[in-house]
Amino acid sequence: MSERKVLNKYFPPDFDPELISRRKHPKNSQQVVRLMAPFSMRCNTCGEYIYKGKKFNARKETVEGEDYLGIKIFRFYIKCTLCSAEITFKTDPRNTDYTAEHGASRNFEPWRDEKAEEEDRIAKLEEEENNPMKVLENKTVDSKREMDILDALQDIRARNARNERVGQSDDLLSRLALEEVENEEDAERKRLEEEDEKLVEEVFSKVPASGSTTVTVKRKADDYEPPAHTLLSSSARSLIASTATLQPAKKRKPEGKNSLGIKVLKKSTKPRVT
């Protein structure tokens, strides 16, 4: 039984590959490939977001005049899923990544900035190892940057202190105004209380107290003595009359009960019949 998938092909004895004509292709021909978006991006035409990993039928070509250490750089053409605008991006063999070229902008990725800073630092150290003058220039730039930062920090501190002083003065003024208002209210309250006390004294000074009333009786030359009630004022007479009418009535003792409330039976005077 023969194999289902034959891998060996039959070549006749008189086969000459040089007689086969080769097809002519353009120098920079494009190929249709299937790929996924290497990074999340946003279309510059319609603003549509394209997430990382979305599949596209793209066209691939080799970038002319660009390479990295002999490694070719390829360009890919895709279309936006919403407006069908053309988007291109290239390979970046130096950073083992891709770069957005046209039609879309790459979304912000914080780890890429950290990686770029680390690469810049490493490149700076390598450059300083071989060039002493570069070391001096970098130190000068760093010192100037530190001085600018300190000046900006001093300005911020001075502005904050000025704002705090302004806030404290405003608080002091408001506190003084509040104290003035409270003092005025206290003075007004005291004045009203004094007026009330004066009014009460004037009212009660006209009515003498019953316990401290003293009446002086002067005799005339003809030895005439007026009655005592005529010497009193009308208010005193009314006060005496009210006290006389309001005397408490005596309580009646309950019949047939002693002080403890026990009923006492009266003894019968009739003789007992035996």
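What is the extension gain from ALA158 to LYS9, computed as 0.36 nm multiplied by their sequence separation minus the C-alpha to C-alpha distance, in nm to one decimal? Don't jump to the answer; show the numbers that get you there.
On the way: separation 149, 0.36 × 149 = 53.64 nm, distance 8.79 nm.
Taking 0.36 nm per residue and subtracting the Cα distance, the gain is 44.9 nm.
With +1 on the Cβ of every Lys and Arg and -1 on the Cβ of every Asp and Glu, and nothing else charged, how large is the dipole of the range 1-77 about its Cα centre, in debye rounded to the nearest 20?
Rounded to the nearest 20 debye, it is 460 debye.
R0 = 45 Å: FRET efficiency of LYS139 with ALA177, Cβ-based, nearest 0.05?
Using R0 = 45 Å, I get an efficiency of 0.20.
Using a Förster distance of 30 Å, how high is the FRET efficiency between LYS27 and TYR49, based on the Cβ-Cβ distance and rounded to 0.05?
Once rounded, the FRET efficiency stands at 0.25.
If each residue of separation counts as 0.36 nm, what is the full-extension length gain between LEU82 and ASP186 once their alpha-carbon separation is subtracted?
Residue separation times 0.36 nm, minus the Cα-Cα distance, leaves 29.8 nm.
List the aspartates and glutamates whose Cα lies under 16 Å from the Cα of LYS115, skipping any in the same chain that are fewer than 8 positions away.
ASP92, ASP97
Fully extended, how many nm does the chain gain between ARG165 and ARG112 (0.36 nm per residue separation, minus their Cα-Cα distance)?
Gain on extension, ARG165 to ARG112, equals 14.6 nm.
What aspartates and glutamates could a cross-link reach from LYS79, if we take a straight Cα to Cα line under 16 Å and drop same-chain neighbours fewer than 8 places away?
Correct list for LYS79: GLU48, GLU61, GLU101.
FYI, it's all coordinate maths here, none of it is from the lab. Just so we're clear, the structure is a prediction, and the values are computed from it rather than from any experiment. Every residue, glycine as well, gets a Cβ built from its backbone with ideal geometry; the counts of neighbours run over all protein chains shown.
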